[in-house]
Amino acid sequence: MQERVLDCLGEPCPVPLVKAQRALEDLEAGDILIVQIDHSCAMKSLPEWARDAGHNVEIEEIDNGEWEVVIEKS
Amino acid sequence: MIDGESRMWKKLSDALGRNEYYLLWLKDAWPYLTGALLLSILQIATMAVAGNPWGISGAITNWGAWTIEALGGSVEHWYYFSSESARAVLDRGILQDPVSIRNFGIIAGALFSVLIASSFKLKKIRTGKQVTAAVLGGLLMGYGMRVALGCNIGAFYSGISVLSLAGWVYGVFLLLGAIVGGKLLVRFFM
């Protein structure tokens, strides 16, 4: 099982979503992708897409206006 | 005393942070439907009060004119500002311009909403690409909103809300532009 961190801090929507989709393609089922974001709109689009695609998603608030979206590839 | 006070504030903010109505109304993003309904109701209210449909970028253009005039320049001979109505708005000044005041309100409201959700963050510029994208995007939006006589609020949203065909035409090309822009973004900026 692999864990990868994707730094998307400072990137506006939809850049984190597209980057996460690309990163997830390289991972195997069960692998974890942690996407760091600070754009609140990506907080909606990214988990929404990942859940629709059938992955397990958790959101952690790291700091004011900063989140980690943890995606477990299924 | 100071310690006791800060402990009290910490306790209060911790309790607030767990409150389900705080989370529902102030912390988490509202559903799209709630946002759409509120926007519709409030834009009718602002039209009733200000006398014109909701718009944003027209005032920003006037901010540019006021800035030039404050620096000693003149926009008198610019075609865009040559009409009597445009001149009248400029002569009344920024504090007598409901569109500018409403823009200030939008900025203040947006700031309030991120502060109350404790999501305020000053973001650092991290790459040259972000600067290029921001400057290019700003120039294109600024130019586009003037030649189209409105932005996605004034020309698109308000256009449709007052049953103008122009709003729908704007919408179709906005969608086409967004599709092309999205493809370019993925191709060149990622």
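Loop by DSSP (not H, G, I, E, B), at most 13 other beta-carbon atoms within 10 Å: where is the longest site-free stretch of chain B for chymotrypsin sites (Phe, Trp or Tyr not before Pro)?
B:1-77
What angle, in degrees between 0 and 90 and rounded to the nearest 10, separates the Cα long axis of helix B:98-116 from the longest principal axis of the Cα atoms of chain B?
20
Dipole of chain B, Cα-centred, from +1 at each Lys and Arg C-beta and -1 at each Asp and Glu C-beta, to the nearest 20 debye?
It comes to approximately 840 debye.
Among B:A108, B:W54, A:S40, which residue has its Cα positioned farthest towards the positive end of the charge dipole of the protein assembly as shown, with +1 placed on the Cβ of Lys and Arg, -1 on the Cβ of Asp and Glu, and the dipole taken about the Cα centre?
B:W54
Given a cut-off of under 8 Å on Cα pairs at least six residues apart, what relative contact order in percent is computed for chain A?
34
Just how large is the dipole of the protein assembly as shown about the Cα centre, in debye to the nearest 20, putting +1 at every Lys and Arg Cβ and -1 at every Asp and Glu Cβ?
In total the dipole reaches around 640 debye.
If the label point is 7 Å along Cα→Cβ of B:Y79, which residues in the stretch B:128-172 have backbone nitrogen under 17 Å from it?
B:143-150
Determine the percent antiparallel among the DSSP beta bridges restricted to the protein assembly as shown, to the nearest 5.
Close to 70 percent.
Over the stretch B:124-190, what relative contact order in percent results from Cα pairs under 8 Å that are six or more residues apart?
20
How many Å³ per residue does the convex hull of the Cα positions in chain B occupy?
Taking only Cα atoms, chain B has a hull volume of 218 Å³ per residue.
Remind me, relative contact order of chain B in percent, using alpha carbon pairs under 8 angstrom and six or more residues apart?
Relative contact order of chain B: 21 percent.
Is the stretch B:124-190 rounded, prolate or oblate when judged by the Cα gyration tensor, a ≥ b ≥ c being the square roots of its eigenvalues, rounded requiring a/c under 1.5 and prolate requiring a/b larger than b/c?
prolate
Measure nothing but the geometry: give the 0 to 90° angle between the long axis through the Cα atoms of B:165-188 and the longest principal axis through the Cα atoms of chain B, rounded to 10°.
For helix B:165-188, the angle is close to 70 degrees.
Using only Cα atoms, tell me the angle between helix B:2-18 and the longest principal axis of chain B; keep it within 0 to 90° and round to the nearest 10.
70
Can you tell me what percent of all Cα-Cα pairs in the protein assembly as shown are more than 22 Å apart?
So the pairs more than 22 Å apart make up 69 percent of the total in the protein assembly as shown.
Taking 31 Å as the cut-off for C-alpha to C-alpha distance, list the pairs among B:K11/B:K121; A:K73/B:K10; B:K124/B:K183 that go past it.
A:K73/B:K10
Could you give the spread of the C-alpha atoms of the stretch A:3-74 along their three principal axes, from largest to smallest, in whole angstroms?
On the principal axes, the stretch A:3-74 reaches 31, 20, 19 Å in Cα extent.
When a/c reaches 1.5 or more, the comparison of a/b and b/c decides; with that in mind, is the stretch B:91-167 rounded, prolate or oblate per its Cα gyration tensor?
Oblate is the answer for the stretch B:91-167, as a/c is 1.5 or above yet b/c matches or exceeds a/b.
Read-outs throughout are calculated quantities, based only on the coordinates presented, and are distinct from any laboratory measurement. In this text the structure is predicted, and so the values were computed from the model without any measurement. Please note: Cβ atoms are built from the backbone with ideal geometry, for glycine as well, and neighbour counts cover all protein chains shown.
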